[in-house]
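Chemist: Take a look at the following structure, please.
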Amino acid sequence: MITNSKTIIVSNRLPVKITEENGEYILSPSEGGLATGLGSVYKRNNNIWIGWPGIEIPEHRQAEVTEKLAGLNLIPVFLSNEEISLYYEGFSNEVLWPVFHYLVTYANFEQAYWDSYKTVNEKFKAVTLNHLNSDDIIWIHDYQLLLLPCLIRSEQQEVTIGFFQHIPFPSFEIFRLIPWREQLIAGMLGADLLGFHTFDDARHFLSAASRLSSSNLSDNILIYKNRQVVVEAFPMGIDAEKFDKLTRTEKVARYTSSFKASLKNVKTILTIDRLDYSKGILQRLQAFELLLQLHPEYIGKLALYMIVVPSRDTVPRYKELKDQIDQLVGNINARFRTINWVPVHYFYRSFSVEFLSAIYSTADICLVTPMRDGMNLVSKEYVASRSNGDGVLILSEMAGASKELNEALIVNPNDIGNIMEAIVQAINMSPEEQHKRIKSMRAIVNKFNIHLWVKNFMDKLNEVKSMQESLHTK
Ligand code: G6P
């Protein structure tokens, strides 16, 4: 049967970002895992991706940008600076982000944020409906668009809608603190399939939904407004093959050898994060400081390479965190550095994937200690980049990835002493043990890759839809 049906991906950000240089709009591909994974979807047939291009585009130039993006199967949703401030920085990143990461005291429950969140979700609805045929499949992503499934459903009863949340879903006792909790749950329940990274996130959502909506729950299926809504865990993977192959390219080899030459027998610990208080950057620095204090034998022999990628720095908490990191790094370096050794090499910027590949494949230890993280793809990228089979991953038990990467040294990110001990264990781990652990984790990262993640989600969505249709025809 020939069908014209297409898949529409909707997320807050498009997989390309627009920047302005001398009045010209420049498009650059985003390196994110999602863009890679869904690249195989939106670049095919007449499929499309709908999202915000990353900056405010004045009205008189919107047609030009729309046309530029159309060639890439991308459809923009234009946001004003006020909407960026209230919906994106405000409700998404000053309400949902902190609450969903269990940092409730960081949340600002401003009515104006909520009003704008509703307006912008409506904007996404309007753009989606403009491009929608009734037999299309819609796949909505993440916490910025929690109301969108229901908004679309109310206009198109039969359309297929999948939703995936990339950040944790908190326990009901936390979620219930949000003043607009019922509306958020109702928004999500417009989907046919709701996906989360872990079983615990799915369980928390089911618990909140069955308490806050008039739905009936049986296993992982909610019956809501006479429809079945299926809730399941789909742990996201990475393009493991790409990371493995990259380490053998000429460009990466050049970076690797110059990086190694600069190290002069100093062992390296690597950390890479977006600037975010959920990532446990300060606690990790404190653990490293404690290590140098209690184990002076490592002074001059071990260095921390810390990459912090700028993010959301217009949100006050992020600005504050940046200052705290700058200060702590300064203190540690001032206290422990010697004439020819620096303890913390701190970079506040983003790097090319080739540079990251070189640093991933060189670092002896990768330290990933978020206070709370939906999945954490850095841990998987490190494992996939260890083509030689050695290296040690230290991983927070609060990251979704810790459910899969059991052979990492698992730590409690609040326990500075525990992180320090794990670093000591990692430094002293025999090559045999390193190989055994990395091998087992590589098998997992290779098998449960991003392509399988996309396939599993799409297959399940089709299955859910067929199940619903067969129920209706009975
Ligand atoms: C997390 C979220 C994404 C978000 C990304 C970058 O991974 O789950 O939805 O796009 O952070 O954050 P930003 O605010 O720059 O889009």
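Chemist: Name the pairs: first residue in region 77-91 and among the aliphatic types (A, V, I, L, M), second residue within 13 Å of the ligand (Cβ to nearest atom) and modelled with pLDDT of 95 or more, Cβ to Cβ under 6 Å, at least 6 apart or on different chains?
Modeler: Short answer, once both residue conditions are applied: Val77/Trp52; Leu79/Trp52.
Chemist: Let me ask something else about it. Filter region 38-79 down to the residues that are surrounded by 16 or more Cβ atoms within 10 Å (Cβ to Cβ), part of a helix (DSSP H, G or I), more than 22 Å from the chain's Cα centre (by Cα) and not β-branched (Val, Ile, Thr) and list them by number.
Modeler: Selection gives Lys68, Leu69.
Chemist: Run down Glu122, Glu110 and say which single residue is of a type outside the set (Ser, Thr, Tyr), touching a helix residue (DSSP H, G or I) at 6+ places or on another chain (Cβ under 9 Å) and surrounded by fewer than 14 Cβ atoms within 10 Å (Cβ to Cβ).
Modeler: Only one candidate passes the filter, namely Glu122.
Chemist: Report, by residue number, each residue of region 312-329 that is crowded, with 16+ Cβ neighbours inside 10 Å and within 16 Å of the ligand (Cβ to nearest atom).
Modeler: The answer is Arg312, Val315, Arg317, Tyr318, Leu321, Lys322.
Chemist: Something else: Under 7 Å by Cβ, and 6 or more places apart or on different chains, what pairs join a residue from region 114-130 that is of a type in the set (Lys, Arg) with one that is in a helix (DSSP H, G or I)?
Modeler: Lys125/Leu148; Lys125/Leu151; Lys125/Ile152
Chemist: Hey, another quick one. What single numbered condition from (1) within 16 Å of the ligand (Cβ to nearest atom); (2) farther than 24 Å from Leu147 by Cβ; (3) touching a helix residue (DSSP H, G or I) at 6+ places or on another chain (Cβ under 9 Å); (4) touching a residue at least 24 places away in the same chain (Cβ under 8 Å) fails to hold for Gly51?
Modeler: The failed condition is (2).
Chemist: Then there's this: How many residues does region 240-294 contain that are within 16 Å of the ligand (Cβ to nearest atom), in a strand (DSSP E or B), touching a residue at least 40 places away in the same chain (Cβ under 8 Å) and of a type outside the set (A, V, I, L, M)?
Modeler: 1
Chemist: Continuing with the same structure: Being over 15 Å from Ile419 (Cβ atoms) and aliphatic (A, V, I, L, M) is the filter here; which residues of region 352-407 pass it?
Modeler: Those that are over 15 Å from Ile419 (Cβ atoms) and aliphatic (A, V, I, L, M): Val353, Leu356, Ala358, Ile359, Ala363, Met375, Leu377, Val378, Val383, Ala384, Ala401, Leu405.
The values are calculated or read from the model by the stated rules, or taken from the named source; none is laboratory data. None of the values given here were measured: they were computed from a predicted structure. Ideal geometry is used to build each Cβ from the backbone, glycine not excepted, and the neighbour counts take in all protein chains shown.
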